[in-house]
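To start, the structure under review is shown below, and the notes come after it.
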Amino acid sequence: MTNHTEEQALELEALEALFTREEEFEKLSPTSFRLSLLPCQEGEGTDHVAVTLLVEYVPTYPDDPPHWEIQSSKGLDTEALEELKKEVSEAMKREVGAPMMYTIAEFVQDWLRERNKPQQSMYDQMMSRENAAVVEDESDEEEEEGDGDEPQYTGLGDKQLCAATTQVAPKLKQRQTVSTRTRKTVTAQETPRRECFGRMRVSSKAKTTRNFCPIEDHLLRKGNSSSMHMHVPLGVNLHS
C-alpha cells in the first residue's frame, strides 16, 4: 500500500533543495507550496515573462493530480494563460502515479522560454493581429489562384502528331498539280503572241513595212521595176 503522506513529504524536501533562488519556492504547509517560475536561469538573460503556481496535494497524491492554479503572472495575456492551464493539466494527467511536480516545473519553464519576449503595447498587439490577418488573406488568395491555373504547356511532347505522308504528301501533290496547270495556261496564252511577233519580224524584212501590198510585190518580181513600177494605193481593188 502506497504511503501518500510520505511521498508528499519527500517531494517537498526535493523541491526546496532544487529551487534555491529567493522566493522561487515557498512551503506553505505540509501539503501545499508556492512555486515561482522564470524562463531563464540566474544570470543567463532577462525574464520578460513569469508565472507563480499555487499547489496543494490531494490525500491520494501522487495517484491523482494535485489541485493547482496560476496565482500571478508577468508578460502573458489572458489567451496565453488559458493555453498554459490547458497544457499543464494534460501534462499532469500523463504523470499520474509518481511524484510529478519537478517535471511539471520544468515543463512550465520550457513553455515560458518559448514566449520570453518583451510585452507589446495595446497598439502593437492590435497591429500584430492585423498583419497576421493580412498574411492569412493573401495566402488564401494565392491558393484560390493556384486552383484555377491552366495546365503548364510542355511543348510537342504531349501532342499526337500525324504521319508525314498523311498531311505533307497530299499538299505537295496538290501544289504540283496547280503549278502544272498554271504552266499550261501560260503556254497557251503565249502561243498567239509568239505567232504575232513572228509575223512582225517577217514584215520588217520586206522592202515596204507600213504600205506593203501583195499586188505591187508581184509586179516588181517580173523584172521591170523601172518602167512598170506602179504605186497602188492601199484600199484600191485592181480586179474590179
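Any read-out appearing in this document is the output of simple, stated calculations on the displayed coordinates, not a laboratory observation. Everything numeric here is computed off the predicted structure, so don't read it as measured data. Because the Cβ atoms are built from the backbone with ideal geometry, glycine has one as well, and the counts that use them run over all protein chains shown.
Seen from Glu16, the other residues with C-beta closer than 14 Å to its C-beta sum to a net charge of -3, counting Lys and Arg as +1 and Asp and Glu as -1.
Among 82-89, 17-24, sorting by the average number of other beta carbon atoms lying within 10 angstrom of each residue, highest first, gives 82-89, 17-24. Under a model in which nothing but the beta-carbon of Lys, Arg (+1) and Asp, Glu (-1) is charged, the stretch 20-141 shows a dipole of about 620 debye around its Cα centre.
Compute the length gained on full extension between Arg129 and Tyr102: take 0.36 nm times their separation in residues and subtract their Cα-Cα distance, giving the result in nm to one decimal. So the chain would gain 6.2 nm between Arg129 and Tyr102.
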